[in-house]
Amino acid sequence: MTAPTSTADKLPSIETKPPTSSSDLQRTSSLTPSTKTHTTLTDQNGDHFTISPTAEATLLRKLDFRILPLLAVMYLFNALDKSNLGNAKTAGLEADLGFAGTNKYNILLSIFFVPYVLTAPFLGIVGKIYGPSRVLPCMMFTFGTMTLLVVAVYNWAGLVALRWFLGMAESAFFPLVIYYQTQFYRRGELARRLAIFYAASNIAGAFGGLLAYGTFQIHGGAVENWKYLFVIEGSLSMAMAVLSFIFLPRSAAQANFLTEEEKKLAFYRIQVDSSAIVEEKFRLREAVQILKHWTSWVILLIEMCLGIPLQSVSLFLPQIVGRLGYSTVKTNLYTVAPNITGAVMLLVLAYASDWTRWRFPFIALGFLFTFCGFIIYTSVDVEDDLQVAYFATFMMCWGTSAPSVLLDVWYNNNIADENRRVFLTSLGVPVANVMGVVSSNIFRTQDAPDYIPALATTAAFGATGTVLTLLLGAYMMLDNKRRDQRQGRKLRAQDVPTELLRDGPASADFRWAY
């Protein structure tokens, strides 16, 4: 459900001082479409504020050019620092650290997700209190440091310790980015912006493969050639963290690249179409109320179904491609194309989702790609059907990116309370990521190079995710229809102000965004 995409040419003056925070502006008491494109807001003092497409388009351009590039580059390095072990493994990491031929690599991957899940809700709360624009760069500087320190590791235990702290530092990164973007973008604008941001993870897979290809050509250096990969990625992450701390705005009201009237416009846009109370003070008691809704638990189940394919592709794509018989150098190079097409498919589905204002059909389609990709790869003889098997790796990447973004957008669209939104996001994203523990342990050494049990298990979770998504979407449609009939009227989703969503399904006027 999205409110009408409307906003202001000529902004009338409002009897308030220039906003330095949301407390300087008044809550909207009514919303009236004054023309087909304009909307007039009336605040609690009776003052009027008109929103028009021209002013809104100008504001969006400024937000897009200032915020999205920074977030995309931050997430690119986040994804690189999290998934570079797969590349390093193909270049002799296990042998150099003395645990080749054991399952210690799987433990190494699994240990990352324990602190990831344990600390994500707490760092999410810290991000809500102090602001994502400050907490995100601090987290990034920390995980960049952990990545850089790999150069000093000489055994398995040292790498385990660094992976533990890396998991802590990265735990709430994606949830806070989602929450941060909901403070600037309306619901109908969010999916494609998050897709641009999240596409960085696919680009990271491609860039990581190219970077690994280059660094693995280094021979005779002071350290093993795979360690140069961690030196480069860790150093770049730390430098980017400093830039992000300087240039990310704390909020629209404190963005120095916006005019005073644009700050007011940014505030009222979000109040009408995203948050019931903009920049609401965090209250834990209010936040946990989201868990009283059974739909939240279904969302968490879908996150689990998403997590295993997502982590399997992220952590083991080099090994999956390696089964096709390529050399170490070519294996890393051949992971580039699937990741690039995954980013393209993510953008296509996200733009289609925003254009149609539907979420769950595109989430289900992504799960279906996952299922088909893993089933095809498992079923064919890779020696006789090399091209078909390689194409299946493309489908795997298509099906893991889009559901991750659109699922988070889906439930964020249905939660107007900022406390509940950041709390469920800080639970949902780590739940998907903790499934990396399962992925890490189903790709067992004794099953190499075929990994048939792991591939079949991943396909099964893709199928389950498809079914759960379709069922939840169908329920939301039926529930909206039942509410319309009970009230004796037929409302469009965009006709209902966001404030009516604040109390969740208990509200008489609540309408699901599906």
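The values are calculated or read from the model by the stated rules, or taken from the named source; none is laboratory data. As the structure is a prediction and not an experimental result, all values here were calculated from the model. All Cβ positions, even for glycine, are placed from backbone atoms using ideal geometry, and neighbour counts span all protein chains on display. With ligands, DNA and RNA removed, areas are computed over all heavy atoms of the protein, side chains included. Shrake-Rupley method; radii C 1.70, N 1.55, O 1.52, S 1.80 Å.
Let's see how each residue does on (1) closer than 19 Å to Val231 by Cα; (2) open to solvent by less than 20 Å² (accessible area, probe 1.4 Å); (3) β-branched (Val, Ile, Thr):
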{"site": "Leu97", "(1), (2), (3)": "yes, yes, no"}
{"site": "Ala100", "(1), (2), (3)": "no, no, no"}
{"site": "Asn106", "(1), (2), (3)": "no, yes, no"}
{"site": "Ser110", "(1), (2), (3)": "no, yes, no"}
{"site": "Val114", "(1), (2), (3)": "no, no, yes"}
{"site": "Pro121", "(1), (2), (3)": "no, no, no"}
{"site": "Gly124", "(1), (2), (3)": "no, yes, no"}
{"site": "Arg134", "(1), (2), (3)": "no, no, no"}
{"site": "Gly144", "(1), (2), (3)": "yes, yes, no"}
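Confirm whether Arg421 is under 29 Å from Asp479 (Cα atoms), of a type outside the set (Phe, Trp, Tyr) and surrounded by fewer than 22 Cβ atoms within 10 Å (Cβ to Cβ). It would help to see each step written out before you state the result.
Numbers: under 29 Å from Asp479 (Cα atoms): yes; of a type outside the set (Phe, Trp, Tyr): yes; surrounded by fewer than 22 Cβ atoms within 10 Å (Cβ to Cβ): no.
Criteria not met by Arg421.
What strands (runs of 3 or more DSSP E) lie completely within segment 12-130 and have 2 or more residues being of a type in the set (Ser, Thr, Tyr) and modelled with pLDDT under 85? First the steps, then the outcome.
Numbers: elements: 28-33, 39-43, 48-51.
Output list reads 28-33, 39-43.
Is it the case that Leu148 is open to solvent by 10 Å² or more (accessible area, probe 1.4 Å), out of contact with any His (no Cβ under 6 Å at 6 or more places or on another chain), assigned to a helix (DSSP H, G or I) and in the same structural domain as Ile67 (by the TED database)? Lay out the reasoning, then the answer.
Details: open to solvent by 10 Å² or more (accessible area, probe 1.4 Å): yes; out of contact with any His (no Cβ under 6 Å at 6 or more places or on another chain): yes; assigned to a helix (DSSP H, G or I): yes; in the same structural domain as Ile67 (by the TED database): yes.
The answer is yes for Leu148.
Within segment 380-417, track down each residue that is over 17 Å from the mean Cα position of the chain (by Cα) and of a type in the set (Asp, Glu). Walk me through how you get there before you give the answer.
Quick first cut of segment 380-417, residues over 17 Å from the mean Cα position of the chain (by Cα) only: 380-396, 416-417.
Across segment 380-417, the qualifying residues are Asp381, Glu383, Asp384, Asp385, Asp417.
Checking Ala364 against (1) surrounded by fewer than 24 Cβ atoms within 10 Å (Cβ to Cβ); (2) touching a residue at least 24 places away in the same chain (Cβ under 8 Å); (3) not in a helix (DSSP H, G or I), only one condition comes out false. Which one?
For Ala364, the exception is condition (3).
How many residues does segment 152-164 contain that are open to solvent by 50 Å² or more (accessible area, probe 1.4 Å) and under 17 Å from Ser235 (Cα atoms)?
Qualifying residue count for the region: 1.
Please go through segment 322-335 and pick out each residue that is crowded, with 18+ Cβ neighbours inside 10 Å and in contact with a Gly (Cβ under 9 Å, 6 or more places away or on another chain).
Thr331, Asn332, Tyr334, Thr335
How many of the residues in segment 54-71 are surrounded by fewer than 18 Cβ atoms within 10 Å (Cβ to Cβ) and either touching a Pro at 6+ places or on another chain (Cβ under 7 Å) or among the acidic types (Asp, Glu) (or both)?
1
Scan Ala432, Ala402, Ala459 and give me the residue that is open to solvent by less than 10 Å² (accessible area, probe 1.4 Å), part of a helix (DSSP H, G or I), more than 15 Å from Leu317 (Cβ to Cβ) and at pLDDT below 85. Outline the logic, then answer.
Details: Ala432 fails: at pLDDT below 85; Ala459 fails: at pLDDT below 85.
Within the list Ala432, Ala402, Ala459, the selection yields Ala402.
Looking only at residues in segment 72-95 that are open to solvent by less than 10 Å² (accessible area, probe 1.4 Å), closer than 17 Å to Gly144 by Cβ and not hydrophobic (A, V, I, L, M, F, W, C), which one is nearest to the chain's Cα centre (by Cα)?
Asn78
Within segment 367-389, how many residues are open to solvent by less than 20 Å² (accessible area, probe 1.4 Å) and either outside the structural domain of Ala460 (by the TED database) or of a type in the set (Ser, Thr, Tyr) (or both)?
So the answer is 2.
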